[in-house]
Structures are given as C-alpha cells and as structure tokens.
Amino acid sequence: MTIRAVVWDVDDTLFDYTAADREGMRAHLASEGLLAWYGGPDEALQWWRECTDRQWARYAAGENTFEGQRRERVRYFLGEPLGDADADAWFERYLSHYQAAWRLFPDAVPALDALAASHRHAVLSNSSIAVQEHKLRTLGIRDRFETVLCAAELGVSKPAPGAFLAVCEALALPAHEVAYVGDHPEIDGRGAAEAGLLSVWIDRGTAHRDTGEPVVAHRITTLTELPALVHADTRFGAPSTFG
C-alpha cells in the first residue's frame, strides 16, 4: 500500500517541548522567587514535571477539562488551594517564559521539506486547537499542514483508535494510507498501530514510563530517517532497517 499522508504529533516530535518546559519553568520560578523551595532548581523542576504528568493523565482520562488540568498543576505544585483566577494568572506568567524558549528540533523542517511534494500532512495532538495552532504559527510551520486536530475538541485522545481514525477521516484517506509520527511509544506508537496506521516512533530519548510492553511502532532516532521509511512503506512483518 502507498502512504499518502503523514500525520504528526507536535510536542517532543517536531517541537522541543521538554527543553522549552524546563527552560521556561526555570526562568518562571526564578522570577517568582521559588527556585529554592524544593531544595534547588532541579528538584523544583522535577516536581513540576510530576504535577504535569499527574494532571495530564486525569485530563486524558476525561476527569478534568483542559483549563482545569492547568489550574490543578499550579495548585499541586504550590501546595495552595488557589482560586481559578489566581491559578490562571500564575500559569499565564509561566507561559510567557515557556513561549520564549520555544524551538523546533533541528531535523523537523528538513523532514517536512523532504516530504512536502510527495505527501499530505496533518497534525493530531492531545492538546487543544488554540494551543497548538498558536504554537505552530509562532514556530512558522502552520502552513505545512492541511488540518490540525486536537483531543480537547475531538472529545477523544490518543491512544484511543477514534483519535487516529478522526484524522484519517478528515483527510478522506483509509488508515493504511496514513503514517503517524510521535514521540511516545505507547500513546503514539501503539495507538497508531492498533488503529491501522503506519506507526513511527521518533525516539527523542524523552523519559516515558516503561510499561513493559514491546514497542510495536517502527523506531527512528532522527526525522532524517522518515522519508525513506514512508516512501518504502515498510509494514509490520516486512524487513525494516529502522528497528
């Protein structure tokens, strides 16, 4: 089968979210006088990451709204029962520092360029349209994608098959003609594979919980490997040089 479209995750796939979050939060905590609260900057940043992971899991499970998970991240991090307005204001101050640190990975634009003439492109993210549209425009790549779909508006999030099938429907393509590229071996890799897409895991070395399950996606370590993979349309059970 021929792959006609590539659908992309954004954070830690095209955009270096981990570095931006770390740099932005460090700058924010310094401005708030909080770097030493948890024994030092590394400990404070680790606690922020734990708060983020915990509240994002609740949001992904449908237990909170997108805005609500942001507020709860702040409340857990500070250990204070802030009202919505105060939590929102604190998070907005963090966002200003976070956005100042936004960068694409060096291999992102070359990969998009290499596939621009041969494949259609879209985005499927577990974030919200407002967040990812703004991010993609700020980073200068929004015009690369026909459509951007996000869990907050879809009402279903990765790794549920419905999320992946929704973007296939938006492209008017069957799942077997679509490749999905994401950084998480389970949420992106297994989810896309089980929905019938050609699943590609870009292993950025970002820490993810080890589920003990075997990786079912094609693993690459740089997006420079992607064009050869989608042009070859290597499927499970066929030889692959990408692992």
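The values are calculated or read from the model by the stated rules, or taken from the named source; none is laboratory data. Source: prediction; values computed, not measured. Note that each Cβ is placed from the backbone with ideal geometry, even for glycine, and that neighbours are counted across all protein chains shown. Only protein heavy atoms, including side chains, enter the accessible area calculation; ligands, DNA and RNA are left aside. Shrake-Rupley method; radii C 1.70, N 1.55, O 1.52, S 1.80 Å.
Could you tell me which residue of segment 10-66 is nearest to the chain's Cα centre (by Cα), considering only residues that are of a type in the set (Gly, Ala, Ser), over 22 Å from residue 132 (Cα atoms) and not in a helix (DSSP H, G or I)?
40
Do the conditions hold for residue 82, that is, is it in contact with a Lys or Arg (Cβ under 6 Å, 6 or more places away or on another chain) and not in a helix (DSSP H, G or I)? If you could, list the steps in order and put the result at the bottom.
Values: in contact with a Lys or Arg (Cβ under 6 Å, 6 or more places away or on another chain): yes; not in a helix (DSSP H, G or I): yes.
So residue 82 passes the test.
Do you know which of the residues in segment 146-159 that are at pLDDT below 95 and hydrophobic (A, V, I, L, M, F, W, C) is nearest to the chain's Cα centre (by Cα)?
Result: 151.
Only one residue in 48, 8 is surrounded by 15 or more Cβ atoms within 10 Å (Cβ to Cβ), touching a helix residue (DSSP H, G or I) at 6+ places or on another chain (Cβ under 8 Å) and of a type outside the set (Gly, Ala, Ser). Which one?
Working: 8 fails: touching a helix residue (DSSP H, G or I) at 6+ places or on another chain (Cβ under 8 Å).
The conditions single out 48.
Do we have any residue at all in segment 118-141 that's surrounded by 14 or more Cβ atoms within 10 Å (Cβ to Cβ), small (Gly, Ala, Ser) and in a strand (DSSP E or B)? Can you show your working first?
Pass one, segment 118-141, residues surrounded by 14 or more Cβ atoms within 10 Å (Cβ to Cβ): 119-129, 131-133, 135-136, 139, 141.
Filter again for small (Gly, Ala, Ser), leaving 122, 125, 127-128.
Narrowing further to those that are in a strand (DSSP E or B): 122, 125.
Checking segment 118-141: at least one residue is surrounded by 14 or more Cβ atoms within 10 Å (Cβ to Cβ), small (Gly, Ala, Ser) and in a strand (DSSP E or B).
Looking at segment 160-176 only, could you name the residues that are open to solvent by 30 Å² or more (accessible area, probe 1.4 Å) and either of a type in the set (A, V, I, L, M) or part of a helix (DSSP H, G or I) (or both)?
Residues of segment 160-176 that are open to solvent by 30 Å² or more (accessible area, probe 1.4 Å), as a first pass: 160-162, 165, 169-170, 172, 174, 176.
If the condition is that a residue be open to solvent by 30 Å² or more (accessible area, probe 1.4 Å) and either of a type in the set (A, V, I, L, M) or part of a helix (DSSP H, G or I) (or both), then 160, 161, 162, 165, 169, 170, 172, 176 are the ones that fit.
Testing residue 98 on (1) assigned to a helix (DSSP H, G or I); (2) touching a residue at least 24 places away in the same chain (Cβ under 8 Å); (3) over 16 Å from the mean Cα position of the chain (by Cα); (4) crowded, with 18+ Cβ neighbours inside 10 Å, one condition comes back false. Which one is that?
Looking at each condition in turn, residue 98 falls short on (3).
Under 6 Å between Cβ atoms, which residue pairs at least 6 apart in sequence (or on different chains) link something in segment 47-74 that is among the aliphatic types (A, V, I, L, M) with a partner that is open to solvent by less than 30 Å² (accessible area, probe 1.4 Å)?
Within 6 Å, the pairs are 60/157; 74/87; 74/90; 74/91.
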